[in-house]
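Have a look at the structure below before the remarks.
Read the figures in this text as sums done on the coordinates, not as results from a lab. Bear in mind that the values here come from a model prediction, so they are computed numbers and not experimental data. Methodologically, a virtual Cβ is constructed for each residue, glycine included, from the backbone with ideal geometry; neighbour enumeration extends over all protein chains shown.
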Amino acid sequence: MSSTKPRTRRALPEIDPGRCTGCGWCVAVCEPRVLSLQTTGWRKSSNLDDAAACTGCALCAVRCPFDAIRMVRVQASPHSFQVKL
């Protein structure tokens, strides 16, 4: 049996719809596959589909060529995640 503790997520990605171009680079690097592209009318943009499954690794924010993603600290509670601004 492994004695390692589960990794605690410290932040979640926050996507700025005004900067997101829908290029999909963030979706491509997301290991847990919690990001997707959504279409609204003629415009595509990235969306965080499953915050609970996000590891908080920040690869999406690092890869975004338009600085449309920033990592926002979260406070973990037993049943939900709250964004701390």
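Here are the numbers for this structure:
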item	result
Long-range HN-HN contacts of V72 with modeled amide H, under 5 Å	L12, E14
Distance in nm between pseudo-label sites at K44 and A28 (7 Å out along the Cβ direction from Cα)	1.1 nm
Chain lengthening between T55 and R10 when straightened (0.36 nm per residue, less Cα-Cα)	15.3 nm
